[in-house]
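This report refers to the structure that appears directly beneath it.
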Amino acid sequence: METLSNPEFKRLSGVSRQTYCEMVELLRPHLERRGKRGGQTKLSVEDQLLVALEYWREYRSQFHIGVSWGLHETTVGRIVRKVENVLVKCGKFRLPSQRQLYQPGWESKVMVVDVGEMEIERPKKNRNATTPVSKSAIP
């Protein structure tokens, strides 16, 4: 991660390097458990944040992320939940609300998707579609 340029870091994690450093400093007092009881994860605060960002950015399952990092999937879920709770309580890294987006000064972007419906030919359901066997043909 240290060898990546700033644009590559943002492409990988979804946040800029400066925002990542701010998040680490905010999370450090809450997640650093070295020498204390109850610290089940062996990852550093930086790695725990990367696990959460990877989960949010890539939409991979917790099992797949756990295999990548050498963790159990429940541990990945616990890490993501802890990181998410601390960042939400902080309020510094929130997305703008809908009310803020509709105020003057915010640009709105519109995406148009051309979607066409096609009718699929299916066999008609009626009695004449099946050929009944006469009773005399049954042994």
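Can you tell me which residue is modelled with the lowest pLDDT among those in region 1-20 that are surrounded by fewer than 13 Cβ atoms within 10 Å (Cβ to Cβ) and not basic (Lys, Arg)? Walk me through it before giving the result.
Just the residues of region 1-20 that are surrounded by fewer than 13 Cβ atoms within 10 Å (Cβ to Cβ), to begin with: 1-3, 5-8, 11, 18.
Add one more test, that the residue is not basic (Lys, Arg), and what stays is 1-3, 5-8, 18.
Values: MET1: 79, GLU2: 83, THR3: 90, SER5: 92, ASN6: 90, PRO7: 90, GLU8: 92, GLN18: 92.
So, considering only residues that are surrounded by fewer than 13 Cβ atoms within 10 Å (Cβ to Cβ) and not basic (Lys, Arg), the one modelled with the lowest pLDDT is MET1.
Taking only pairs six or more apart or across chains, which ones have beta-carbon atoms under 6 Å, a first residue in region 15-34 that is farther than 9 Å from VAL45 by Cβ and in contact (Cβ under 8 Å) with a residue 12 or more places away in the chain, and a second residue that is of a type in the set (A, V, I, L, M, F, W, C) and part of a helix (DSSP H, G or I)?
Going by the 6 Å Cβ cut-off, the qualifying pairs are MET23/LEU49; LEU26/CYS90.
Each row is one residue, and each column tells you yes or no for (1) modelled with pLDDT of 75 or more; (2) in contact with a helix residue (DSSP H, G or I) (Cβ under 9 Å, 6 or more places away or on another chain); (3) of a type in the set (S, T, N, Q); (4) not in a helix (DSSP H, G or I).
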residue: LEU43; (1), (2), (3), (4): yes, yes, no, yes
residue: ALA52; (1), (2), (3), (4): yes, yes, no, no
residue: TYR55; (1), (2), (3), (4): yes, yes, no, no
residue: PRO96; (1), (2), (3), (4): no, no, no, yes
residue: GLN103; (1), (2), (3), (4): no, no, yes, yes
residue: SER136; (1), (2), (3), (4): no, no, yes, no
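Among the listed residues GLY70, GLY91, GLY77, which satisfies the condition of being loosely packed, with under 10 Cβ neighbours inside 10 Å and modelled with pLDDT of 90 or more? Can you show your working first?
Working: GLY91 fails: modelled with pLDDT of 90 or more; GLY77 fails: loosely packed, with under 10 Cβ neighbours inside 10 Å.
Result: GLY70 is the single residue among GLY70, GLY91, GLY77 that is loosely packed, with under 10 Cβ neighbours inside 10 Å and modelled with pLDDT of 90 or more.
Give the number of residues within region 59-94 that are in a helix (DSSP H, G or I), of a type outside the set (Lys, Arg), under 19 Å from GLU22 (Cβ atoms) and free of Cβ contacts under 8 Å to residues at least 12 places away in the same chain.
Selection size over region 59-94: 2.
The values are calculated or read from the model by the stated rules, or taken from the named source; none is laboratory data. Keep in mind the model is a prediction, meaning the values are calculated, not measured. Glycine gets a Cβ as well: all are built from the backbone with ideal geometry, and neighbour counts include every protein chain shown.
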